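Some notes on the structure that comes next.
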Amino acid sequence: MSPTQVRLRRWSQDGRLYAVLAATGFSMKAVFVKLGYAAAPVDALTLLALRMGFALPLFLWLAWLSSPARDPDAAPLSRKDGAHIVVLGFLGYYLSSLFDFYGLETITAGLERLILFLYPTLVLLFHACLTRQRPSPRTLQALAICYLGLGIGFVHDLQVTGWSRDVMVGSSWVFASAVTYALYYLGTGALVARIGSMRLAGLAGGASCVFVLGHYLVAGDPASLPGLPPAVWLNGGLMAVVSTALPIYWLALGIQRMGTAQAAAVGNLGPVLTVFASWLLLGEPLSVYQLGGLALVILGVSRLKPKSAS
């Protein structure tokens, strides 16, 4: 066995490999969205419906993997649990994804990931409001570093586009996505501890697929789907498999082996991977300002200590 194979086996056993794979999969989502938009004049709702249509059986697969049918120790779901899961699905994978796709219509994948990566700061701020506890000086310092980094990246994109209104609107959509995802994260709480992160993700993701597909049937144009270019279908499928179901599965395996805090630390790779993937695959500019802003956001997030959801 070669040294590389030995290292990969060790990383697989201690969870690092799965955490890196999860970060890579999640980071590619924005790239697939931008490639889908570039392939045809498709709107955000249609592209999201393709993603969720492909993802629905995969979410159900994740839920089955961790269900009582597979795990006799799995806790049964109450009506209250079911209602909780529906609300989380509405917030986390329906509203958050829809807002994110709207934002990606007008901003770069790199800036999108920079804004989304602020969600841990929002979790802490919302938690402080709910508990009426003032954040510690370390937390306030970390928040300041994060938003300074975001400001650098945001202003850079505004300058490149001639202070475009589209960048401000798109950034607002993505920030709304970060807010709804932070609310989803806060809402997991005791539920994820009781039924497990993989099962919750599968059930909440399945509920969100129903919301998205229902929205598309009411407000979209299903008759246009057969006429979409193969590249749009391909990127919708890649989003569902590579950037949705598999990363959730890999992250659950990583958390199981190395713990939530360490798995989250590996997740700091996500924005870096997105920036370089968008530069390599989409031809988006890669400047010193972007890298500096990215470094500050990652530094700030790494100094935060949010309460674990699992």
Neighbouring Cβ atoms within 10 Å as the yardstick, rank 127, 84 fewest first.
127, 84
Candidates 54, 126, 154; GNM for the chain (alpha-carbon contacts under 10 Å) flags as most fluctuating 126
All other residues with a Cβ under 15 Å from the Cβ of residue 204 taken together, and with Lys, Arg as +1 and Asp, Glu as -1, what is their net charge?
+2
When the chain is treated as a Gaussian network with springs between alpha carbons less than 10 Å apart, the largest mean-square fluctuation among 205, 227, 170 is found at 227
From fewest to most C-beta neighbours within 10 Å, the residues 67, 136, 78, 208 line up as 78, 136, 67, 208
The chain - mean residue ellipticity at 222 nm from DSSP helices (-39,500 (n - 2.57) per run, n ≥ 4, rounded to 500):
-24500 deg cm²/dmol
Using DSSP H assignments, which helices in the chain have an axial alpha-carbon span of 20 Å or above and a mean Kyte-Doolittle hydropathy of 0.5 or higher?
44-65, 137-160, 165-195, 197-219, 288-302
Once the Cα gyration tensor of the chain is diagonalised, semi-axes √(5λ) in Å:
27, 25, 21
Quick check on the exposure proxy: order 194, 79 from fewest to most C-beta atoms within 10 angstrom.
79, 194
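Throughout, read-outs are computed from the coordinates displayed, never taken from laboratory work. What you see is a predicted model; the values in this text were computed from it and never measured. Heads up, the Cβs are rebuilt from the backbone with ideal geometry, glycines too, and the neighbour counts pull from every protein chain shown.
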